[in-house]
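The values are calculated or read from the model by the stated rules, or taken from the named source; none is laboratory data. Not measured: the values here are computed from a predicted model. With ideal geometry, Cβ positions are generated from the backbone for all residues, glycine too; neighbour counts draw on all protein chains shown. Protein only, heavy atoms only, side chains kept; ligands, DNA and RNA dropped before computing areas. Shrake-Rupley method; radii C 1.70, N 1.55, O 1.52, S 1.80 Å.
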Amino acid sequence: MKKLISLLLIGLLTACASVVKVEGEQVVNQRMSVKLTDAWNKVNLPGNKQPYETWTQEGLALDQLRLWAAVQPGQSLMAPVTSAGSGQKAPRVPTYTANMAPDQLVNLFEVMYSADGSIVSMDRVEPVVFAGEKGVRFEFSVTRKSDDVQLRGVGWVTVRKNELYAASFVAPKLSFYQRLAPKAERVVQSAKIAG
């Protein structure tokens, strides 16, 4: 029953969302460009105050590519999650600060993906060039709290002139991740920082 309610709620939120097909060159927060070889669906939820763009191929419950550009020191990587009941402690919000070490940058994403109570484990972290800068690529696993679905994820993060640039992709482990992760990887490999 809990899974059915979660899926209905996700469906309702998606129905209220603004979805726009994006192709070709796209610019995120006027600071990072990417070139798309595959069309994506850019999703804007009503009242969305997230500091990232969300794109999907199959729908938000099945895959999400998130893109951050020019996150300033002191800025959070996500909007605060409201606690469901009174007296509950609000979850930590991952906040970028200047001069963070690579492992601290990766930890921001672990905190973000576990903010709703999901269980996250980092599986692999390695140096990489992202958006023309030295950065970090990380792979992770998530057990989503709302329905216990096993997700796989991959992320990229770098800092340029004290601004954070990042991307992450998550999808269910069984079939969606294997099929859609290469499309997300192509988007990320095309990233370029403006200025």
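Annotations
- Segment 57-195: Rg to Rh, with Rh as the Kirkwood radius over Cα pairs: 0.96
- Phi angles across segment 149-154 convert, under the Karplus curve 6.51 cos²θ - 1.76 cosθ + 1.60 with θ = phi - 60°, into 3J(HN,Hα) values of 6, 8, 10, 10, x, 9 Hz, Gly and Pro given as x.
- Dividing the mean sequence gap of close Cα pairs (under 8 Å, 6+ apart) by how many residues the chain holds gives a relative contact order of 21 percent.
- Mean Cα-pair separation over length for segment 102-151, i.e. relative contact order, pairs under 8 Å, 6 or more apart, %: 32 percent
- Local charge for Arg186 was computed over the other residues whose Cβ lies under 15 Å away, with Lys and Arg +1 and Asp and Glu -1, and equals 0.
- Alpha-carbon centroid distance for the pair segment 118-195 / segment 55-69, whole angstrom: 11 Å
- Relative packing of 185-192, 41-48, which averages over residues the other C-beta atoms within 10 Å, highest first: 185-192, 41-48
- Candidate cross-link partners of Lys35 among the aspartates and glutamates, defined by an alpha-carbon separation under 14 Å and a same-chain spacing of 8 or more, comprise Glu23, Glu25, Glu185.
- Accessible surface, the chain, averaged per residue in Å² (probe 1.4 Å): 53 Å²
- Among complete DSSP H helices in the chain, those whose alpha-carbon atoms stretch at least 18 Å along the helix's long axis and whose mean Kyte-Doolittle hydropathy reaches -0.5 are 2-16, 102-114.
- Distance violations [Cα-Cα > 26 Å] among Lys42/Lys192; Lys42/Lys145; Lys42/Lys161; Lys49/Lys161: Lys42/Lys161
- Reachable aspartates and glutamates from Lys134, criterion Cα separation under 16 angstrom, eight or more residues apart if same chain: Asp103, Glu126, Glu163
- Segment 108-195, relative contact order [Cα under 8 Å, separation at least 6], %: 22 percent
- Given their separation in residues at 0.36 nm each and the Cα-Cα distance between them, Arg186 and Lys145 gain 11.8 nm when the chain is fully extended.
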